[in-house]
Amino acid sequence: VQLQASGGGLVQAGGSLRLSCAASGSIGRINAMGWYRQAPGRQRELVAVITSGDSTNYADAVEGRCGISRDNAENTVYLQMDSLKPEDTAVYYCYVQTVLPRVYWGRGTQVTVSS
């Protein structure tokens with residue numbers, strides 16, 4: 001099983017990025033998909049999650065600025081991030097939780113927001 005994340009990069013404050021993460025391999029039935037992030041010197045924190053029933057949950061820090069969605073046919077999860085702030089700078093990790101349950105992680109994609 002592999003999770004390939006993409007879409008990170010350098011953006012100015014107020015800008016937008018769209019992250020994507022595609023899961024491949026014999027992953028089985030997927031329950032939740034989502035994103036965590038880790039900034040230098042800080043613990044990894046949840047950004048957003050979407051369940052198989054399309055229920056979503058967001059960290060308070062990104063509520064109203066981010067939108068998570070998924071394509072079940074492609075086993076892909078997306079994170080649209082708008083009105084980015086310098087404090088959003090972090091490595092963003094996607095994850096997939098199957099119904100077994102097992103959790104798989106992507107390698108991470110760097111998001112840097114300049115002021």
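Quick notes on this structure:
- FRET efficiency estimate (nearest 0.05) - Cβ-Cβ, Val1 to Ser52, R0 22 angstrom: 0.80
- Cysteines, the chain, no other Cys beta-carbon under 4.7 Å: Cys66
- The chain, accessible surface, carbon-and-sulfur percent (1.4 angstrom probe): 43
- Farthest toward positive dipole pole in the chain [+1 Lys/Arg, -1 Asp/Glu at C-beta], among Ile30, Ile50, Ser16: Ile30
- The orientation-averaged shadow of the Cα convex hull for the chain, equal to a quarter of the hull surface, comes to 6.6 nm².
- Each label was represented as a point 7 Å from its Cα along the Cα-to-Cβ direction; for Thr98 and Glu45 these points are 3.1 nm apart.
- Loop-resident sites, segment 68-115, for trypsin sites (Lys or Arg not before Pro), counting at most 12 other Cβ within 10 Å (DSSP): Arg102, Arg107
- Only Cα pairs under 8 Å and 6+ residues apart enter the sum, and on that basis the relative contact order of the chain stands at 37 percent.
- Gain in span if fully extended, Gln12 to Ser115, counting 0.36 nm per residue against the direct Cα distance: 36.5 nm
- Charged-residue dipole, Cβ positions (Lys, Arg, Asp, Glu), the chain about Cα centre, Debye nearest 20: 320
- Amide H contacts under 5 Å for Asn57, placed H, 5+ residues apart: Val49
The values are calculated or read from the model by the stated rules, or taken from the named source; none is laboratory data. Fair warning: this is a prediction, and the values are worked out from it, not measured in the lab. Methodologically, a virtual Cβ is constructed for each residue, glycine included, from the backbone with ideal geometry; neighbour enumeration extends over all protein chains shown. Quick note on the areas: whole protein, heavy atoms, side chains included, nothing else; ligands and nucleic acids left out. Shrake-Rupley method; radii C 1.70, N 1.55, O 1.52, S 1.80 Å.
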